[in-house]
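Okay, structure first, notes after.
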Amino acid sequence: MTITSIRQQLLSGETNPTKLIESISEQIIERDSQVQAYVSYNLEKALADAQEADISKPLGGIPIAIKDNINVLGEVCSCGSKFLVKGYISPYDATVIKKLKTAGAIPFGRMNMDEFAMGSATENSAIQLTRNPHDHDRIAGGSSGGSAAAVADHTALAALGSDTGGSIRQPASHCGVVGLKPTYGRVSRYGLVAFASSLDQVGPITRSVDDAAHILQAIAGHDPRDTTSLNEPVPDYLAEINQGVKGLKIGIPAEYFTEGIHAGVRKNVEKCISKLENQGAEIIPISLPHTSYVVATYYVIAPAEASSNLSRFDGIRYGNAAPNPSDIIDLYYQSRENGFGPEVKRRIILGTYVLSSGYYDAYYSRAQKVRQLITRDFQQAFQLVDAIISPVCPTPARKIGACSDDPLQDYLSDIFTIAANLSGFPAISIPCGTTSYDGSDNLPVGIQILAPRLGESILLRIAKAAESEIAAKDFSS
Ligand code: GLN
């Protein structure tokens, strides 16, 4: 089932919003104890919303699962953290939630995530471990692992995630669903709990490209409450989605197809590229020469911003406070010591270090300069091509626990997704068949499409053409 097919059923009277919420809650009860994608859900509230739903609206009566770092009025917003899971209830709706409600959708369910969105496996959640629906011994990816796993496991129809370095696209790829990170500023960040403000974007995780377009249509647009929000018209994202790829120029970056990529991932992605070529796309080899710096650059800039953003969690303003502090400083120390998990502490320490006087120039300002070079690589490439295609991740989903002693290994898994955040360009991850990996068969592979600033329409158009090829052909390797 997709949003598109459910909408038809709603309009024809074959189902209604109440039945829809009931059937999703049955699925959750039946299956989510294994996958553990949901941190919580408020069935009573969703059923009340369903009673009021206006199915004539674009997303009328459609339930959408929400990553647990997006504020929904009256609901706990845990960010996957001990700090917030008990004691922080959102006093307002994020702009994306307001917009979804305006479009008629029903926010239903709070989805598990890496603590404060720091991670690639949802193993850094302080609340629970989300498993990959395709193989329960494997990670769902992260940080939006709960959102992607639920959509893949049919316990949610569609979800919102957030993406700072790949957190929508990477779990979507590992779980075999669609994930879209819009252009920076296309979707308001107001009410998204900030991780790294110059990189964060909210976007949809869905079962089809059309569904991603439906949700983007609802959430995109200018928001005076987010100073980085773009004041540009929102096009009709479905208008050109079926136009195919004939005549489009698609760039294939040499640096994204080097050694280290699993052979099955490479094979499936290359097969899809040749199908697009058969449909009339012109395939052009390109170079993104600063690719080898993206991970290092990100792991200076993102922790720097995080160390600043997370200073607001002090035990006073939000969530849990330490019980018996000796004075105010002790309250800060103890609350932060008990509230944050190891990965969040690691990032705060790293971020504070790169911003400290004496190291600022060597690390932070140098990383900002390299960020410009990485962005320029893409700007130059987009003078030659309409879009760029690459794998989403070097390998399919790894086993749970395989990187617990080696966070760097997980950092490297974001090598193909981070550049879109550093440069602000939009990117989508769509399922590209399955492959065998590390003793398991049939693990999903993802293909990534990147487009110039505000190029979501072209992105969706190429994604739709690829989706139809992949659906029609055998893509297992
Ligand atoms: N895996 C990356 C990190 O841990 C990206 C996370 C994200 O996009 N939120 O920072």
Just wondering, is there one or more residues in segment 304-314 that are basic (Lys, Arg), crowded, with 18+ Cβ neighbours inside 10 Å and away from the ligand (no atom under 16 Å from the Cβ)? no
Options Leu288, Leu276: the member that is in contact with a strand residue (DSSP E or B) (Cβ under 7 Å, 6 or more places away or on another chain), at pLDDT 95 or above, in a helix (DSSP H, G or I) and buried (at least 18 other Cβ atoms within 10 Å of the Cβ): Leu276
Count - residues of segment 322-336 that are surrounded by fewer than 18 Cβ atoms within 10 Å (Cβ to Cβ) and within 11 Å of Lys82 (Cα to Cα): 0
Positions within segment 100-141 being at positive phi and within 18 Å of the chain's Cα centre (by Cα), in sequence order: Gly109, Phe116, Ala117, Gly119, Thr122, Gly141
For segment 343-458, give me every one of the helices (runs of 4 or more DSSP H) that falls completely inside it and has 1 or more residues that are under 23 Å from Ala172 (Cα atoms), aliphatic (A, V, I, L, M) and within 16 Å of the ligand (Cβ to nearest atom). 407-412, 418-423
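Residues are listed down the side, and each one gets a yes or a no for (1) in a strand (DSSP E or B); (2) without any contact (Cβ under 8 Å) to a residue 40 or more places away in the chain; (3) touching a Cys at 6+ places or on another chain (Cβ under 9 Å); (4) buried (at least 24 other Cβ atoms within 10 Å of the Cβ):
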{"residue": "Met113", "(1), (2), (3), (4)": "no, no, yes, yes"}
{"residue": "Gly119", "(1), (2), (3), (4)": "no, no, no, yes"}
{"residue": "Asn124", "(1), (2), (3), (4)": "no, no, no, yes"}
{"residue": "Leu129", "(1), (2), (3), (4)": "no, no, no, no"}
{"residue": "Thr155", "(1), (2), (3), (4)": "no, no, no, yes"}
{"residue": "Gly165", "(1), (2), (3), (4)": "no, no, no, yes"}
When restricted to Ser457, Ser413, the only residue among the small types (Gly, Ala, Ser) and surrounded by 24 or more Cβ atoms within 10 Å (Cβ to Cβ) is Ser413
Of all residues in segment 250-263 being surrounded by fewer than 20 Cβ atoms within 10 Å (Cβ to Cβ) and of a type outside the set (A, V, I, L, M), the one that is farthest from Ser440 (Cα to Cα): Glu255
Give me the residue from segment 350-382 that is farther than 30 Å from Gly455 by Cβ and in contact (Cβ under 8 Å) with a residue 12 or more places away in the chain and, out of that set, surrounded by the most Cβ atoms within 10 Å (Cβ to Cβ). Gly351
Mind checking which residues of segment 83-104 are in a loop (DSSP other than H, G, I, E, B) and closer than 22 Å to Gly185 by Cα? Tyr92, Asp93, Ala94, Ala103
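The values are calculated or read from the model by the stated rules, or taken from the named source; none is laboratory data. Only a predicted model underlies this, so the values are computations on that prediction, with no experimental measurement involved. Heads up, the Cβs are rebuilt from the backbone with ideal geometry, glycines too, and the neighbour counts pull from every protein chain shown.
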